[in-house]
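Colleague: First the structure, then my questions, so here it is.
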Amino acid sequence: MINIGQFNKLKVKKKVDFGYYLEDKFGDEVLLPNSNAKGSKVEVGESLEVFVYRDSKDRLISTLKRPLLTVGNIAYLEVVSQSEIGAFVNIGLERDLFIPLKEQAFKLKTGKKYLFYMYIDKTGRLAGTTKIHEYLDIAEEGKYKVDDEVKVIVYDTAENGTLKIAVDREYIGLILPNEHLEYIYPGEEISARIKRVYEDGILGITTRKKRLDAREELSEVILKYLRENGGYMPYNDKSSSEEIKREFNTSKNYFKMTLGGLMKKKLITQDKEGTRLL
């Protein structure tokens with residue numbers, strides 16, 4: 001049986017002007033067009049590992065090219081075009097993978113990359129979906145520990161603002177609303193760290209830096225602001241949370257702690273008007 005959307009090991013049965021016919025052990029045949037065998041020496045009687053899919057005319061064909069995604073797997077792929085019925089993503093072959101509208105959990109943007117799962121639809125054609133949750137794995141015990149740095153990609157957002165993410169493109173994780181200061185869009189890949197590992201194996205992620213690292217970084221931002229503005233800024237530990245978030249993209253609590261640290265080092269002073277560089 002020849003499996004569509006997967007690699008098949010097939011024997012070269014015969015050569016024709018437009019390519020080669022390959023067959024499995026049951027005698028089922030599929031064409032390997034010359035264009036899909038370009039750069040490879042193919043001999044009748046040898047066995048080849050080929051990827052099988054349907055071409056633009058819905059014919060079953062094979063290729064020696066390596067696609068970016070196969071059936072039953074997840075990959076981070078770019079949307080290359082869209083139509084009224086769905087979107088198309090590049091999988092490294094001359095034919096793009098179709099993503100039906102009903103399989104888009106959020107609006108896709110051409111030129112952006114997202115995580116997709118490949119499946120075979122009811123008509124026997126290859127298709128993809130952004131609804132990947134059930135195809136991600138739970139990290140095995142000991143795989144990650146608290147404070148490990150990881151790469152994460154958002155694949156969905158809950159109503160309460162919790163971000164559903166794929167950790168290292170493979171494992172289920174989440175970022176609670178208070179663990180990300182800026183909005184992270186679906187498909188966006190960012191660096192983060194493990195904050196906790198839940199009992200069920202789901203990974204709790206934060207984009208916040210460790211407290212000491214965050215304070216040191218914020219200290220440099222504040223000092224730079226003061227140097228570039230004549231040694232003064234109209235913000236102090238009495239400023240509103242909204243002002244601090246808008247200007248320094250941090251919480252009031254972190255801002256106050258950082259100002260306190262700079263004052264202890266005798267680098268700044270505060271008054272009712274703001275903060276001054278010493």
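All of the numbers you see were taken from the coordinates with simple rules; none came from a lab. Fair warning: this is a prediction, and the values are worked out from it, not measured in the lab. All Cβ positions, even for glycine, are placed from backbone atoms using ideal geometry, and neighbour counts span all protein chains on display.
Colleague: When 1/r is averaged over all different Cα pairs and the result inverted, which Kirkwood radius in Å belongs to the chain? It would help to have the intermediate numbers written out before the result.
Modeller: Numbers: mean 1/r = 0.0440 Å⁻¹.
Final number for the Kirkwood radius of the chain is 22.8 Å.
Colleague: In terms of Cα to Cα distance under 18 Å, which aspartates and glutamates are near enough to Lys145, apart from those fewer than 8 places away along the same chain?
Modeller: By straight Cα distance, Lys145 reaches Asp137, Asp168, Glu170, Glu179, Glu199, Asp200.
Colleague: Ok, one more. Applying the Karplus parametrisation 6.51 cos²θ - 1.76 cosθ + 1.60 with θ = phi - 60° to the phi angles of segment 79-87, what ³J(HN,Hα) value in whole Hz is obtained for each residue in order, glycine and proline being reported as x?
Modeller: With the stated coefficients, segment 79-87 comes to 6, 9, 6, 9, 9, 5, 10, x, 10 Hz.
Colleague: In a solvent-free Debye calculation with one equal scatterer on each Cα, what is log10 I(q)/I(0) for segment 7-63 at q = 0.13 Å⁻¹, listed in the order of the q values?
Modeller: The Debye formula, applied to the Cα set alone, gives -0.26.
Colleague: Taking the alpha-carbon set of segment 211-277, what are its Rg and Dmax in Å?
Modeller: Over segment 211-277's Cα set, Rg and Dmax evaluate to 10.6, 29 Å.
Colleague: Still on this structure: For a quick check, take a GNM of the chain with Cα springs below 10 Å and name the residue from Pro234, Pro100, Pro67 with the largest mean-square fluctuation.
Modeller: Pro234
Colleague: To check you understand DSSP bridge types, tell me what percent of the beta bridges within the chain (both residues inside) are antiparallel, rounded to 5. Numbers along the way, then the final one.
Modeller: Values: 60 of 65 bridges.
Percentage antiparallel, nearest 5: 90.
Colleague: Shifting gears a bit: Between Ser35 and Val71, what is the FRET efficiency for a Förster distance of 30 Å, r being their Cβ-Cβ separation, to the nearest 0.05?
Modeller: Details: r = 23 Å, r/R0 = 0.75.
Using R0 = 30 Å, I get an efficiency of 0.85.
Colleague: Could you tell me which of Gln104, Phe7, Val146 has its Cα farthest along the dipole of the chain towards the positive end, charges placed at Cβ (Lys, Arg +1; Asp, Glu -1), taken about the Cα centre?
Modeller: Value computed over the given set: Val146.
Colleague: Continuing with this model, one more query. Once you've got the Cα coordinates, tell me which of Lys109/Lys252; Lys41/Lys151; Lys164/Lys252; Lys143/Lys252; Lys41/Lys113; Lys109/Lys164 are over 29 Å apart. Show your work: numbers first, answer last.
Modeller: Values: Lys109/Lys252 35 Å; Lys41/Lys151 40 Å; Lys164/Lys252 27 Å; Lys143/Lys252 35 Å; Lys41/Lys113 35 Å; Lys109/Lys164 19 Å.
Check vs 29 Å cut-off fails for Lys109/Lys252; Lys41/Lys151; Lys143/Lys252; Lys41/Lys113.
Colleague: Taking H as built 1.01 Å from N, whose amide H comes closer than 5 Å to the amide H of Val150, not counting residues under 5 places away?
Modeller: For Val150, whose amide H was placed from the backbone, the distant partners under 5 Å are Ala192, Arg193, Ile194.
Colleague: As a check on your grasp of the helix formula, calculate [θ] at 222 nm for the chain: sum -39500 (n - 2.57) over DSSP H runs of n ≥ 4, divide by the residue count, round to the nearest 500. Present the calculation step by step, with values, prior to reporting the outcome.
Modeller: Details: 3 runs with 39 residues, N = 278.
Computed ellipticity for the chain at 222 nm equals -4500 deg cm²/dmol.
Colleague: Still on this model: Excluding Lys38 itself, calculate the net charge of residues whose Cβ lies under 14 Å from the Cβ of Lys38, where each Lys or Arg counts +1 and each Asp or Glu counts -1.
Modeller: +2
Colleague: Now for a separate question. Please pull out the direction-averaged projected area of segment 137-257, using the convex hull of its alpha-carbon atoms, in nm² to one decimal place.
Modeller: Averaging across all directions leaves 8.6 nm² for the Cα convex hull.
Colleague: Give the calculated FRET efficiency between Asp17 and Asp121 to the nearest 0.05, with a Förster radius of 25 Å applied to their Cβ-Cβ distance.
Modeller: Values: r = 33 Å, r/R0 = 1.31.
E(calc), rounded to 0.05, equals 0.15.
Colleague: Two decimals is fine: what's Rg over Rh for segment 88-181, C-alpha atoms, Kirkwood radius as Rh?
Modeller: Numbers: Rg = 15.2 Å, Rh = 15.0 Å.
Ratio value, two decimals: 1.01.
Colleague: Give me the mean projected area, in nm² to one decimal, of the convex hull enclosing the Cα positions of segment 74-133. Before the final figure, lay out each step's value.
Modeller: Working: hull surface 16.0 nm².
In nm², the orientation-averaged hull projection of segment 74-133 is 4.0.
Colleague: Between the helical axis of 211-228 and the dominant principal axis of the chain, each derived from Cα atoms, what acute angle in degrees is found, rounded to the nearest 10?
Modeller: Taking the Cα atoms of the chain, the angle to 211-228 is about 70 degrees.
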